[in-house]
Amino acid sequence: MSENDRELRVSKIRNGTVIDHVPGGQALKVLAILGIDGSGGEAVSIGMNVPSEKLRRKDIVKVESHELSQNEVDVISLIAPEASINIIRDFDVVEKSRVIRPDLVTEVIACPNRNCITTRNEPVDSEFDVLEDGVRCVYCDTIVREDLTDHIATD
């Protein structure tokens, strides 16, 4: 096998977003955050467990015709704090940034506590303090450490 045969070959996208430096095995969680399950017709390319000097293994997600909202970036930062976001337009990278973990996320995670004021048909948006290893509801102090994507707020 030649060196060229070992290269990762994923086609370029015309317009959209490339999310790189996602910890190995987390690409499907990134798609869940973006609400992509294959039913919407989005063109998606995924590289999973690709060798990386920085992370040992990383995932890469390319989504055609979708630029991330700040809320999406905030939630991605919780599972992929080293991720980089590249905005692609007409096959060129027009914007490149690293995610920054916020101190607070609002309206993007639903509190799993059924008794929390944010889950009781009150006009209160969910708010979570970002912890080192999860998030904590500002209203009821419920802590979510694992499977944050199970609690993504949907409209």
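No lab work stands behind these numbers, since they all come straight from the coordinates. This structure is a prediction, so every number in the text was calculated from the model and none was measured. Glycine gets a Cβ as well: all are built from the backbone with ideal geometry, and neighbour counts include every protein chain shown.
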To the nearest 0.05, the calculated FRET efficiency linking I143 and E53 through their beta-carbon distance, R0 being 41 Å, is 0.75
Residue among V130, I117, C140 farthest towards the positive dipole end of the stretch 111-152, charges placed on Cβ: I117
Return the calculated 222 nm mean residue ellipticity for the chain, to the nearest 500 deg cm²/dmol, obtained by summing -39500 (n - 2.57) across DSSP H runs with n ≥ 4 and dividing by the residue count. -3000 deg cm²/dmol
Quick one: putting +1 on the C-beta of Lys and Arg, -1 on the C-beta of Asp and Glu, what dipole do you get for the chain around its Cα centre, in Debye to the nearest 20? 460 debye
What does the charge dipole of the stretch 84-155 about its Cα centre add up to, to the nearest 20 debye, if the Cβ of each Lys and Arg holds +1 and the Cβ of each Asp and Glu holds -1? 40 debye
Label selected from [x] 14.7, 44; [y] 17.0, 62; [z] 14.3, 48, the criterion being Rg and Dmax of the Cα atoms in Å as computed here: [y]
Can you tell me, using C-alpha contacts under 8 Å and at least 6 residues apart, the relative contact order of the stretch 81-155 as a whole percent? 24 percent
Linear extension gain, V94 paired with R114, 0.36 nm per residue minus alpha-carbon span: 2.9 nm
Toy charge model, Lys and Arg Cβ at +1, Asp and Glu Cβ at -1: the stretch 21-61 dipole around Cα centroid in debye, rounded to 20, equals 260 debye
Can you pull out the trypsin sites (Lys or Arg not before Pro) in the stretch 101-155 whose DSSP state is coil and whose Cβ has at most 13 other Cβ atoms within 10 Å? R114, R120, R145
In the stretch 2-155, with Lys and Arg counted as +1 and Asp and Glu as -1 at Cβ, which of these residues, V22, L34, P51, has the Cα nearest the positive end of the dipole, that is, farthest along it? P51
Neighbour cut-off at most 11 other Cβ (10 Å), DSSP loop, GluC sites (Glu not before Pro), the stretch 68-155: E132, E146
Helix 70-79: inclination vs the chain longest Cα principal axis, degrees, rounded to 10, gives 80 degrees
